[in-house]
Amino acid sequence: MGNILPPSVQESGKGLSAPTRLAAFLLSMLLLVFPVACKKSSGSRPSPPAPPYRDMAGAGNAHNLGLAASDGTWTYYAFMVFDIQQPQGDLMGIYRTRADGTGSPVKIRADLGLDLHLIGGKLYFTSVDADNQSALFLMNPDGTGEEKLLSLEGVFKDLTYCEGFFYYIENMADIDEFDHGLIYRLPIGGGPPEQISAVEAYAMGAGQD
Amino acid sequence: MFFRDADQDHFFRMNPDGTGLMQISDHPVDCIVPHGGMLYYIDRDENAVMRANLDGGNPVLMVRGDVASIDRINVADDYVYFSRWNFKRLKDSGLYRMRKGTLALEPLLAGWDDFNWPYLSIAGGKIYCVNLVPFVIGQIPVSYYRVNLNGTCFQLLWEASS
């Protein structure tokens, strides 16, 4: 889990982008306040996403916690709250709402999920698994059929999608360090992650809107 | 794909399979967003939003933060969205967008009166924004809201108790 020092005490540049680090911190804090069971939904195992594998979340969301994704009809958004004075864990989760603003939002996942990607009719997101590890999940758009794809020793950072692969930095930073980690890619159709960088990265961008 | 290395803070590109590694610049960059055949990012040395070709060439400074800090960017349609925070002139702090072609600047939510370090996710024609404030060892969210891409229909989804 990485450092999330305020910008005022960080050197120029470094530390000004830490979505996953923040998420990791929040998740760790939330685990203390709201034990996360990471229960799987009762629905059936989701089938593989259907091509074309076009991501309905913009590439720019990767640096912004991936709070939302939309197919134009439905918008999915993460609700991330953290209030020491007044914990509101019941609000935490992933919601689905009509993109035109009609109707009421429906919570489709009770636990925190970030880095939302909507690809091939499946919703992908990161959260923590039952072993408290940063993990990538997918589920059906109605919240059923949750399945874990991959868990890390480190923490997902800058998770993005491009042409059949997820790309991410496995952030191995300690609490007093700046983000750093190797870059990997994970085939969306299955298979192990592949390390593609020989050097550690602080920030990454991929994909194309 | 593009990255900033953690050792020297230089800006690199490489092929999606990891081959073809090439340095683009020696500047520390952040929030790297490929969009519409161009590359958008924050140059922390310049404290500016930059645009470049997809190979990283021909970088153009779009807007500088000046005394304000440019925190984060996102890109949708014809606009680059960004936030900046100026502790000396709070009225200049806020959420802005800039038209990619003309570089015309448009304030969306201006005049934040608190420390803000927002995350700006975009989906379904709306910006989902989490504002953060300093905490003991970092930042914590203090508000979560969404707003249309043109700054209308502000909706506060959550706010921390004071």
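The values are calculated or read from the model by the stated rules, or taken from the named source; none is laboratory data. Remember, it's a predicted structure, so these values are computed and weren't measured experimentally. Quick reminder, even Gly has a Cβ in these numbers, built from the backbone with ideal geometry, and neighbours come from all protein chains shown.
Structure data summary
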read-out: Criterion (within 11 Å of chain A (Cβ to nearest Cβ) and touching a residue at least 60 places away in the same chain (Cβ under 8 Å)) met by exactly one of B:ASP30, B:ASP77, B:ASP45, B:ASP17; value: B:ASP77
read-out: Count of the range A:153-170 residues which are in contact with a strand residue (DSSP E or B) (Cβ under 7 Å, 6 or more places away or on another chain), at the interface with another protein chain (Cβ under 10 Å from one of its Cβ atoms) and assigned to a loop (DSSP other than H, G, I, E, B); value: 1
read-out: Contacts under 8 angstrom Cβ, first residue in the range B:142-161 being more than 11 Å from B:CYS129 (Cα to Cα), partner among the hydroxyl-bearing types (Ser, Thr, Tyr), 6 or more apart; value: B:LEU149/B:TYR79; B:LEU149/B:TYR81; B:GLU159/B:SER143; B:GLU159/B:TYR144; B:ALA160/B:SER143
read-out: Pairs, first within 14 Å of A:ILE119 (Cβ to Cβ) in the range A:133-157, second polar (S, T, N, Q) and part of a strand (DSSP E or B), C-beta under 7 Å, six or more apart; value: A:LEU136/A:THR126; A:PHE137/A:SER127
read-out: Matching residues, the range A:134-193, being of a type in the set (Phe, Trp, Tyr) and closer than 21 Å to B:ALA6 by Cα; value: A:PHE156, A:PHE166, A:TYR167, A:TYR168, A:PHE178, A:TYR184
read-out: Among (1) surrounded by fewer than 18 Cβ atoms within 10 Å (Cβ to Cβ); (2) of a type outside the set (A, V, I, L, M, F, W, C); (3) modelled with pLDDT of 90 or more, the one test that B:SER161 misses; value: (3)
read-out: From A:PHE137, A:PHE125, residue being buried (at least 19 other Cβ atoms within 10 Å of the Cβ) and within 21 Å of B:ILE122 (Cβ to Cβ); value: A:PHE125
read-out: Residue that is within 14 Å of another protein chain (Cβ to nearest Cβ), crowded, with 18+ Cβ neighbours inside 10 Å, assigned to a strand (DSSP E or B) and modelled with pLDDT of 90 or more, where the choices are A:LEU150, A:LEU116; value: A:LEU116
read-out: Residues (within 19 Å of B:THR19 (Cα to Cα) and more than 9 Å from chain B (Cβ to nearest Cβ)) located in the range A:171-191; value: A:LEU182, A:TYR184, A:LEU186, A:PRO187
read-out: Yes/no for B:GLY20 being at positive phi and either buried (at least 18 other Cβ atoms within 10 Å of the Cβ) or among the charged types (D, E, K, R) (or both); value: no
read-out: Cross-chain or 6+ apart pairs with Cβ under 6 Å, the range A:56-74 first and more than 7 Å from every other protein chain (Cβ to nearest Cβ), then basic (Lys, Arg); value: A:TRP74/A:ARG96
read-out: Unmet criterion (only one of (1) more than 17 Å from the chain's Cα centre (by Cα); (2) not in a loop (DSSP other than H, G, I, E, B)) for B:ASP9; value: (2)
read-out: Where a residue in the range B:56-68 is closer than 19 Å to B:GLN23 by Cα and its partner, wherever it lies, is modelled with pLDDT of 90 or more and basic (Lys, Arg), with Cβ under 7 Å and at least six apart; value: B:GLY56/B:ARG13; B:VAL60/B:ARG51
read-out: Filter result (part of a strand (DSSP E or B) and among the small types (Gly, Ala, Ser)) within the range B:34-91; value: B:ALA48, B:ALA52, B:SER69, B:ALA76, B:SER83
